[in-house]
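No value in this document is a laboratory result; all are computed from the given coordinates. The shown structure was predicted, so the numbers you read here are calculated from the model rather than taken from an experiment. Neighbour counts run over all protein chains shown; Cβ positions are idealised from the backbone, glycine included.
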Amino acid sequence: MRIQVWGILVVAVVLPGDAFAQTNAPDGWLNPDWNKPAITNANRKPAPRRSLVGMWGPAEGPGAGTQASGVQLKPNNGRPENELPYTPYGLQLYRSHHALEGKDAVLPAQDNDPRNRCEPLGVPRYNHYNIRLTQFFQDEYKVDILYHYDNRWRVIWTDGRRLPKLVDGGVEIGGELREPRFFGYSVGRWVDDYTFEVQTIGVMPDDRVWLDSTGRPISEQARITETFRRVDYDTLVWSETIDDPKVYTRPWEAMRMTFRLHDPRTDVQEYYCSPFEQENYNKLFGTDAGSKGAP
Amino acid sequence: MRARHVIVSIAAVALLGQAPLIAHHGAAAYEVGKKVVLKGTVKQWIYSNPHCLLTLEVTGEDGQVVQWIVEGQAPNVVFPAGYRKDTFTFGDKVTVTVEPVKNGRPLGRFLAAVTADGQTLGPANSGATNPNAASQP
């Protein structure tokens, strides 16, 4: 099998030796560099053709990917321009979610966020939960995205297969019903040499996943369209539009975030949900911090 | 014992420029805009997900000792701010500035810390931003 690209190795080879020069690498263990110089005409390099390979982080710094207040383009802050076009069912669903963030936030003891039970967040919530150093690999058949949080990865097929048909209870493939998945079923294509478009359907039902940390909903009828535009060598713009007629009356754009290329040798610290550590945290701090009672 | 007995100093401050970046359980539990400065002795430092926790014994003006617990973000988030697994060790004398919880319990989140060896650290959150970031293309 002819493998065209397997990310880190290739990136490491094609980069000039000083391209990722860093001083913050004790014993060779590179720490993330969140203070990269701005891309200007003087240092801009052309984007490689049809490649997303590399380690990418939010250009504005690690905090920019947190999205604690809700999806990037529509923070849940009560401003009219950020209100989402809920269907009656979508609004009912939102009101049944008791989130720890956003304008309707509750205290920790009262929340029902599936994240706090260490449930997989699913797509698209992985795009909206502490998205930090995110690694892309690709070969001639697929693009893989490795999310930092919980060491999760997803596959986007690029080998020409068609997106399955969305049906009640999941998707249809070859005349058979297939189960919904936390990461759905994703197919991608290159719109041009620098723009990659991904469609995802077949995600988990609305009683299993949320869209964001403020309790916005997403349902199994969602179709998520993502666009990855390689602006130049060091810059990627990741956009996401949600079309979910069960929950929202019209499609809307949730994210258009700029990412910067990081040194592929960067050591990425673990960031995960452990039920044991979660329980310990709640026992020591979370439950008391979120209680209403007097001390 | 009420938390106020152990407050060394307290002041309402405007946390200018501090975005709501505490991700795990939101800001609803905190008295946002207040800070409490604690001088105490480290009992335990847990460098773990989902949040780092510092347990501190603080002696109040009345001589009574209160145990405070201070939280920061997860290790990968606080690392760029300089917090490490051995930043605090048992018996260290430290000064920690916290934003307290609303319900009056001796709990809060890091705004700043001065370690036993005099190192000053900022908020243990993900507030770091790249000052060089270009605008969205």
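Observations on the structure shown:
- Filter pass, A:Arg49 being farther than 18 Å from A:Met257 by Cα, more than 16 Å from the chain's Cα centre (by Cα) and more than 14 Å from chain B (Cβ to nearest Cβ): yes
- Test result for A:Thr266, within 17 Å of A:Gly54 (Cβ to Cβ), hydroxyl-bearing (Ser, Thr, Tyr) and not in a strand (DSSP E or B): yes
- Near pairs, Cβ below 7 angstrom, 6+ apart or cross-chain, from the range A:95-117 (within 9 Å of chain B (Cβ to nearest Cβ) and in contact (Cβ under 8 Å) with a residue 40 or more places away in the chain) to any residue that is basic (Lys, Arg) and assigned to a loop (DSSP other than H, G, I, E, B): A:Leu107/A:Lys292
- Screening A:Ser219 with (1) outside any strand (DSSP E or B); (2) within 10 Å of chain B (Cβ to nearest Cβ); (3) hydroxyl-bearing (Ser, Thr, Tyr) gives one miss only, at (2).
- For B:Phe90, the criteria (1) among the hydrophobic types (A, V, I, L, M, F, W, C); (2) over 15 Å from B:Thr120 (Cβ atoms); (3) within 11 Å of chain A (Cβ to nearest Cβ) hold in every case but one, which is (3).
- Within the range B:93-112, the set of residues being within 13 Å of the chain's Cα centre (by Cα), more than 7 Å from chain A (Cβ to nearest Cβ) and touching a residue at least 40 places away in the same chain (Cβ under 8 Å) comprises B:Val94, B:Thr95, B:Val96, B:Thr97, B:Val98, B:Glu99, B:Pro100, B:Pro106, B:Gly108, B:Arg109, B:Phe110, B:Leu111.
- Within the range A:98-154, being polar (S, T, N, Q) and in a strand (DSSP E or B) holds for A:Thr134, A:Gln135, A:Gln138.
- Filter result (of a type outside the set (A, V, I, L, M, F, W, C) and either within 9 Å of chain B (Cβ to nearest Cβ) or more than 21 Å from B:Ala29 (Cβ to Cβ) (or both)) within the range A:273-289: A:Ser274, A:Pro275, A:Glu277, A:Gln278, A:Asn280, A:Tyr281, A:Gly286, A:Asp288
- Enumeration of residues in the range A:36-48 that are touching a residue at least 12 places away in the same chain (Cβ under 8 Å) and surrounded by 13 or more Cβ atoms within 10 Å (Cβ to Cβ): A:Lys36, A:Ile39, A:Arg44, A:Lys45, A:Ala47, A:Pro48
- Among the residues of the range A:257-272, those identified as more than 7 Å from chain B (Cβ to nearest Cβ), of a type outside the set (Asp, Glu) and surrounded by fewer than 21 Cβ atoms within 10 Å (Cβ to Cβ) are A:Pro264, A:Arg265, A:Thr266, A:Val268.
- Residues satisfying the stated conditions in the range A:70-88, i.e. within 15 Å of the chain's Cα centre (by Cα) and within 13 Å of chain B (Cβ to nearest Cβ): A:Gly70, A:Gln72, A:Leu73
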